[in-house]
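These notes concern the structure reproduced below.
The values are calculated or read from the model by the stated rules, or taken from the named source; none is laboratory data. Keep in mind it's a predicted model, so treat the numbers as computed, not measured. Cβ sites come from the backbone with ideal geometry, for glycine too, and all protein chains shown count toward neighbours.
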Amino acid sequence: MPVSVPGPVPAADADEIPQRLLTALVCAAVEPKLSGVLLFDLPDAHLATVADVLDRLLAGPTGTPVPRTTLTAATTDEHLWSRPRVSRGPNGIDFALDPGPLTEPVPGPSIVVVPDLARLSLPGKRAAVQLLGADAATVEHAGLRRRWRPGARWLAVCRTEDVERVSPHLLDRFPLRLTVPELCVQQGDAPLGPLPAAWAPALDRARSTAPRPPLHPAADLAPRVLELLDDQDGTGQRRPLALARTARALARLDGAERITTDHADAAARLIRLRGARRPSVEPLPEPDAVDTAQGIPHALPEPRPGTERPPSTGTPVLEPGPAEHIGSGPAAGSWPTTDTPYPEDTPGPPPQEAALRTPARRTTGPRAARGPVVGVRAARDLWDLSPVRTAMEAAKYRAVRDRSDRLVILPRDLRGYVRAPEPVRMLTLVLDHTCREDWDWHTALDPFLQWAYVTRAPVHVIEVGGRGAPNELRAESFTALSTRSPRITEALDRQPGRATPLAHGLNLAEQTLRRAFQHHRAGLVEALLVVVTDGRGNVPLAASQRGRAGRGAVGRTGIDDALAEAGRISGMDRTRLHSVVVDPGRQPYPELPQLLAEALDGSVVAGRPEHEAADRGR
């Protein structure tokens, strides 16, 4: 029996958006594993209305509202996991900790609303990653110990232009995603439209505590789900599971006994999966455009023997060759279609606004507490006190201090937070392994590592073109808290691979520096960016974001993308960010490191001693 989803797929009809959204909310209500609903570009005025609809779907015929929690940029751990309670007992004042809103102390489902996922605080993001899709959750926080099965439904909103600010690891936790930029709600009890009567039995079974009969999938369901997601390679197993669970929810609404491929197709139409076609930005394939032995498109052709190299004019001179078809793509400054459940996979131009300036450090006034809380100790002053632990310490002695109902707090009961120091300096190291050859770069990098060691600065290492990378078209990164970390030694000794995703490596460096400058309370005092490369990148940024190479020749697209990413880095605060390019002095195209340093607004350092001597001779 073919399955139909209210509000089929015509993207241009805005009247279908409320019906599709209502179907998604009902699927989340009947299927506990579809616990996360992410809405892109939802108007702010309609968030409360959508949350009320989900509330009524979960509440049942009694109409009792379910518990609701809102997470914002100001959410802290103390708001989520525990709540202090002071009560009057027969022996005086009793002090205890009750479970917080995310520990679901009230039986039954609840709702967690996130008005802006891109600006959610770090404790809120950490809670979403821990709870969404989890079979069991455990919390041990400040004397509270609790274990439960998460049943909350998360309703989050994110603007499409802010998707790149959200970690893909967090986005993957939301199985249901819809783009609703032109949502129109109605007045009355059915703002998203009437609820079909055929769905009432499935909703009633979902609200009851009785076990539901299992739905068995058809034999061809799994191949069909993988076929619908054939262009989502390298994204893990959460998307196939989300599509299969959505198909199961639609089968329950349909009253079916098995989950068929028709349900999978209906689930794909619901989230507009089949209509989400990314525009092709690769050139048309040419027979001689790809190195069949290596499988990596050529970036810069080597000069032919006997060909004299033209003098440098500040721009890399490429060898003449046959004209290439550029192909069609999105206009500069415009994003491709956003009507897709996975906009993070859509390559497009990044935002061009300048970095936000962090507030200046305070030099006078009360001492400001900075850094994450790592413990509690006896207070040494009256700044940054821990009120909960102070009250708990005083409650131990209330029976011997005062037999009345008062809680007496003495100076020796005061407890203060112990905070880990926040780094004020950072070294970001971009290592292009493909530029090493027989060059020992330890000597060239030793001064920068020595600076990080003396200043106790963490080191963020970005590896480009290393052998053994999970995806050779993408750069890899990690953060070491000290230069003595063995991971830095392993990175410096890694052998080169085949591809050079330099643009992606610089993109990771730009994201790291922005987070370091903006997310600390007072910002970094100084950051040093060191890029060790010959400037020759043969992987465009779009190919790195997709995770697979195109079929046509890339020309110098990888180099242009790297220079563009370097230009974005140069827009940061130049008083605190210093950029250095270590030039290995490779031939041909020795001017590429200089072009990269100019784009970074930095300087060039000769990597090889013989190269430096040759520069002095010239």
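Annotations for the structure displayed:
- Residues that are under 20 Å from THR443 (Cα atoms) and either of a type in the set (A, V, I, L, M) or outside any helix (DSSP H, G or I) (or both), drawn from the stretch 579-597: SER579, VAL580, VAL581, VAL582, ASP583, PRO584, GLY585, ARG586
- For beta carbons closer than 7 Å, sequence separation of 6+ or different chains, a first residue in the stretch 538-561 that is within 17 Å of GLU463 (Cβ to Cβ) and a second that is crowded, with 24+ Cβ neighbours inside 10 Å and modelled with pLDDT under 85, the qualifying pairs are ASN538/PRO297; ASN538/VAL554.
- Of the residues making up the stretch 442-452, not a single one is out of contact with any helix residue (DSSP H, G or I) (no Cβ under 9 Å at 6 or more places or on another chain), within 25 Å of ARG586 (Cβ to Cβ), touching a residue at least 40 places away in the same chain (Cβ under 8 Å) and surrounded by fewer than 16 Cβ atoms within 10 Å (Cβ to Cβ).
- The stretch 550-572, residues that are in a helix (DSSP H, G or I) and either in contact with a strand residue (DSSP E or B) (Cβ under 8 Å, 6 or more places away or on another chain) or small (Gly, Ala, Ser) (or both): GLY558, ALA562, ALA564, ALA566, GLY567, ILE569, SER570
- In the set ALA118, ALA156, ALA137, ALA128, only one residue is in the same structural domain as ASP44 (by TED's automatic domain parsing) and farther than 27 Å from LEU183 by Cα; that residue is ALA137.
- Just one of the listed residues (ARG83, ARG56) is assigned to a strand (DSSP E or B) and either out of contact with any Gly (no Cβ under 6 Å at 6 or more places or on another chain) or at pLDDT below 90 (or both), and it is ARG83.
- Among (1) free of Cβ contacts under 8 Å to residues at least 12 places away in the same chain; (2) buried (at least 20 other Cβ atoms within 10 Å of the Cβ); (3) not polar (S, T, N, Q) - the single one ILE462 does not satisfy: (1)
For (1) in contact (Cβ under 8 Å) with a residue 12 or more places away in the chain; (2) among the polar types (S, T, N, Q); (3) in a strand (DSSP E or B), each residue gets a yes or a no:
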| residue | (1), (2), (3) |
| --- | --- |
| VAL418 | yes, no, yes |
| LEU431 | yes, no, yes |
| THR479 | yes, yes, yes |
| SER482 | yes, yes, no |
| GLU490 | no, no, no |
| ARG515 | no, no, no |
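- The stretch 595-618 residues that are under 20 Å from LEU528 (Cβ atoms), paired with ones that are modelled with pLDDT of 55 or more and in a loop (DSSP other than H, G, I, E, B) (beta carbon under 6 Å, 6 or more apart): LEU596/GLY535; GLY607/PRO584
Residues are listed down the side, and each one gets a yes or a no for (1) in contact with a strand residue (DSSP E or B) (Cβ under 8 Å, 6 or more places away or on another chain); (2) surrounded by fewer than 16 Cβ atoms within 10 Å (Cβ to Cβ); (3) over 16 Å from VAL430 (Cβ atoms):
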site: ARG484; (1), (2), (3): no, yes, yes
site: ARG487; (1), (2), (3): yes, yes, no
site: ALA491; (1), (2), (3): yes, no, no
site: GLN495; (1), (2), (3): yes, yes, yes
site: ALA499; (1), (2), (3): no, no, no
site: LEU502; (1), (2), (3): yes, no, no
site: GLY505; (1), (2), (3): yes, no, no
site: LEU513; (1), (2), (3): yes, no, no
site: GLN518; (1), (2), (3): no, yes, yes
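- Residues being buried (at least 20 other Cβ atoms within 10 Å of the Cβ), modelled with pLDDT under 85 and within 26 Å of the chain's Cα centre (by Cα) - total across the stretch 538-571: 2
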